[in-house]
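Structure first, commentary second.
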Amino acid sequence: MTSPLNVPHSPVRWSPRLWGTLLVLCGAMFLDALDVSMVGVALPSIAADLDLTTSTLQWVVSGYILGYGGLLLLGGRAADLLGRRRVFLIALGVFALASLLGGLVDSGPLLIASRFIKGLSAAFTAPAGLSIITTTFKEGPQRNRALAIYTTCAATGFSMGLVLSGLLTELSWRWTMLLPAPVALIALVAGIKLIPHSARDNTRGGYDLPGAVTGTASMLLLVFTVVQAPEVGWASARTLLSFLAAAVLLTVFVVIEQRTANPLVRLGVLRSGSQIRAQLGAATFFGSYVGFQFLVVQYMQSLLGWSALETALAFLPAGVLVALSSTKIGDVVDRFGTPRVITAGLTFLVIGYALFLRISLTPQYVAVILPSMLLIGAACALVFPSLNIQATTGVDDNEQGMVSGLLNTSIQVGGAIFLAVVTAVITAGGGEGGSPQAVLDSFRPGLVVVTVIALVGLLITLTGLRTRRRQETVVLAKSVPVTAEEAEPERVGVRD
């Protein structure tokens with residue numbers, strides 16, 4: 001094994017067509033992430049215009065999460081089986097139509113339905129787009145650079161969604177729904193011309209329909225239960241029975257995947273320590289950030305009295321830092337390796353969250369908020385691309401869609417679960433309807449939970465650092481050339 005510090009770095013040169021392909025895929029990922037965050041600031045205006053109750057309003061957000069998180073496993077495998085290009089383009093067209101519908105509806109149920117359809121389409125575009133990159137760009141510096149740019153666009157979209165939403169909501173909330181439609185259509189037209197055709201996975205034994213049904217049903221029910229639990233009660237009979245049903249479906253899914261010849265998810269990939277760390281790292285990283293953003297938006301608007309636009313601008317430094325670093329992260333990963341880069345990023349994340357615990361009822365942007373935002377921006381720039389690189393490295397081309405679906409499922413399910421946990425902690429604090437100080441005091445336990453979630457992710461990543469050091473020590477002690485198997489001990493593309 002060669003140390004990352006000694007790997008010769010060859011310059012990455014891409015043709016205009018390759019750049020165009022990457023730009024289309026980045027545009028779609030940007031839209032997916034943009035749509036997740038952009039609706040948040042517009043919710044009060046939506047509620048007022050459509051006369052929605054709080055319980056109905058939360059489904060404008062949860063409907064998207066349900067479609068996205070519940071169908072990612074199916075979307076990832078569909079890309080492998082039906083062709084990545086075909087799945088990506090069809091889903092992108094559906095996303096554009098659903099965006100147009102969402103901006104024109106005049107009732108809450110129709111808006112929620114359009115959000116669910118958008119989430120469903122994103123569940124197919126996200127893993128298909130990621131697998132197109134990993135099968136188009138050669139593993140190593142080229143793929144690392146492409147993934148760094150791609151995932152940075154996602155992080156930037158998530159950050160910039162708040163800013164754009166603040167601006168567009170001043171005109172009308174409908175513009176926050178309509179904006180993605182023309183952008184998606186432009187990306188669709190460009191994608192038809194630029195995205196290369198991909199081979200299908202020739203599955204002679206048939207498709208894993210029982211696995212698709214049970215896997216999708218278990219994820220849909222899990223996400224549905226999690227987003228409903230804060231409202232109906234975590235200990236209610238409905239919540240407990242739903243969790244039990246989701247666990248039963250998931251168990252049946254695992255049994256099916258172990259016995260079928262062509263599984264929806266080949267469970268052998270999870271025998272890799274690096275793969276497990278990538279999945280758990282993605283869940284804790286995104287879950288902690290979603291909880292943090294939810295808390296911060298409430299703090300700035302409810303307690304500090306900031307407008308939607310002022311709140312959005314407070315997040316801007318993090319988004320700018322992520323955008324400026326997009327072309328450099330690939331080189332950093334090439335030099336230091338994903339475990340070290342993820343460790344550094346999660347360390348920044350934990351420190352950023354911990355610093356935010358110093359907030360008070362008096363705005364302290366320069367002393368408290370800005371340092372936290374810069375640290376969190378640096379964490380997003382380092383962690384998100386590195387997790388994607390770690391999850392897809394060493395995976396066979398015919399399983400890239402599956403692994404991409406797994407990673408995105410971890411991200412969305414982690415976000416749904418940890419946001420629900422943070423919401424429950426805040427509610428238990430009893431600050432709602434109380435004095436400003438009581439509300440602030442109810443926020444602090446939520447911030448502690450967010451920090452602990454990120455710390456758990458950091459500790460999981462540190463186990464990978466120890467494993468890497470042991471492997472390098474063994475290699476340095478050898479006096480004979482290292483075999484391919486020794487150099488890649490955790491290659492997950494090898495069949496069982």
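Descriptive notes on the structure:
- Residue match in region 301-309 (condition: open to solvent by less than 50 Å² (accessible area, probe 1.4 Å), touching a Phe, Trp or Tyr at 6+ places or on another chain (Cβ under 7 Å) and either assigned to a helix (DSSP H, G or I) or modelled with pLDDT under 85 (or both)): no
- The number of residues in region 417-435 being touching a Ser or Thr at 6+ places or on another chain (Cβ under 8 Å) and at pLDDT 80 or above comes to 2.
This table checks each residue for (1) among the polar types (S, T, N, Q); (2) farther than 17 Å from GLN390 by Cα; (3) not in a helix (DSSP H, G or I).
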position	(1), (2), (3)
LEU81	no, yes, no
LEU89	no, yes, no
LEU100	no, yes, no
ILE112	no, yes, no
ARG115	no, yes, no
GLU139	no, no, yes
ALA146	no, no, no
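- The condition of being modelled with pLDDT of 90 or more, out of contact with any Leu (no Cβ under 6 Å at 6 or more places or on another chain), among the polar types (S, T, N, Q) and farther than 30 Å from THR21 by Cα holds for THR239.
- Selection within region 381-408 - in a helix (DSSP H, G or I), surrounded by 23 or more Cβ atoms within 10 Å (Cβ to Cβ) and either of a type in the set (S, T, N, Q) or modelled with pLDDT of 90 or more (or both): LEU382, VAL383, SER386, LEU387, ASN388, GLN390, THR392, GLN400, SER404, ASN408
- Number of residues in region 195-219 that are at pLDDT 80 or above, surrounded by fewer than 18 Cβ atoms within 10 Å (Cβ to Cβ) and part of a helix (DSSP H, G or I): the value is 3.
- Inclusion of ARG340 among residues that are assigned to a helix (DSSP H, G or I), open to solvent by 20 Å² or more (accessible area, probe 1.4 Å) and touching a Lys or Arg at 6+ places or on another chain (Cβ under 9 Å) is warranted.
- Exactly one residue among LEU52, LEU66 is outside any helix (DSSP H, G or I) and surrounded by 18 or more Cβ atoms within 10 Å (Cβ to Cβ), and that residue is LEU52.
- So ALA246, is it touching a helix residue (DSSP H, G or I) at 6+ places or on another chain (Cβ under 7 Å), part of a helix (DSSP H, G or I), small (Gly, Ala, Ser) and more than 17 Å from LEU71 (Cα to Cα): no
- For VAL265, the conditions (1) assigned to a loop (DSSP other than H, G, I, E, B); (2) within 26 Å of THR451 (Cα to Cα); (3) of a type in the set (Val, Ile, Thr) all hold with the exception of (2).
- Hey, GLU257 assigned to a helix (DSSP H, G or I) and open to solvent by 50 Å² or more (accessible area, probe 1.4 Å) or not: no
The values are calculated or read from the model by the stated rules, or taken from the named source; none is laboratory data. Just so you know, these numbers come straight off a predicted model, no measurement behind them. Here Cβ is always computed from backbone atoms with ideal geometry, including for glycine, and neighbour counts include all displayed protein chains. Keep in mind that these areas ignore ligands, DNA and RNA; they rest on the heavy atoms of the full protein, side chains included. Shrake-Rupley method; radii C 1.70, N 1.55, O 1.52, S 1.80 Å.
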